[in-house]
Amino acid sequence: MTTITTKIALSVLGAVGISFLSWTPARAFIFVEPIVTTKNQDILDTKSPRILTDYLPGQVIEYGVPDVANNFLNSTGYDINSLVFDLKTLSYSNPNSTPPFDNEPVQWGDVNGDGKIGYSTNSDLKDIFTDITIDGSIITFSGGVIPNGTLFYNPFATLPNLAPGGGIIPPIPADVQDKDGPIRVAAYYTAIPESTNVLGVLVFGALGVALKLKRSLHC
């Protein structure tokens, strides 16, 4: 009888122990997901796009995400044929947020819940790039083109939502211009030279050859 009672007691204690273990919170990941699509007309109706100018292929810029959603105008003078983003914040801490974060790992992830990373779930927004690859902290969008002079949409979302004022991170004061989130990302693009640029090179090249021939004929 004592043996049976002991077994029952041990079984109960084991079940309680497993329950407590299951309640122990696992270390959370912060997921970041960018998309690159055609223009967002709803946003375009409310504010002007950000203009990308004096921005050269391969030039690295760094900014915070989640960012304030906006359209971008490719005014670089180049057709963009790939976008590369590098997560610079690989772990995040903020004891003053609700909930607090303590060195939580940050990585590219599926924020919009479609089972993929980097693709839009909005039928009004068409993905520009067909090839999205991830190598550690770097995500590359390729297999498409953003022609010079066209609009595109490139927001970043995080899970949980770390946008200022989104419920975890306090709002940023109205007089502060930079209202982007706390996760840092670096970005650059590769490009195809515009046909007008190529034509200009050919024209100048032809003129150079003509002048050289003219000089040689007069020698």
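The values are calculated or read from the model by the stated rules, or taken from the named source; none is laboratory data. A quick note: this is a predicted structure, and the numbers were derived from the prediction, not measured. Remember, those area values only see protein heavy atoms, side chains included, never the ligands or the DNA or RNA. Shrake-Rupley method; radii C 1.70, N 1.55, O 1.52, S 1.80 Å.
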Any residue on another chain or 5+ positions along whose placed amide H is under 5 Å from the amide H of residue 109 is listed here as 32, 33
quick shape note, the stretch 100-168: Cα extents on principal axes in Å, largest first -> 42, 28, 23
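Report, to the nearest whole %, how much of the accessible area of the stretch 53-129 belongs to carbon and sulfur atoms, 1.4 Å probe, protein only.
It is 48 percent, rounded to a whole number.
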For the stretch 62-171, dividing by residue count, accessible area per residue (probe 1.4 Å) in Å² works out to 45 Å²
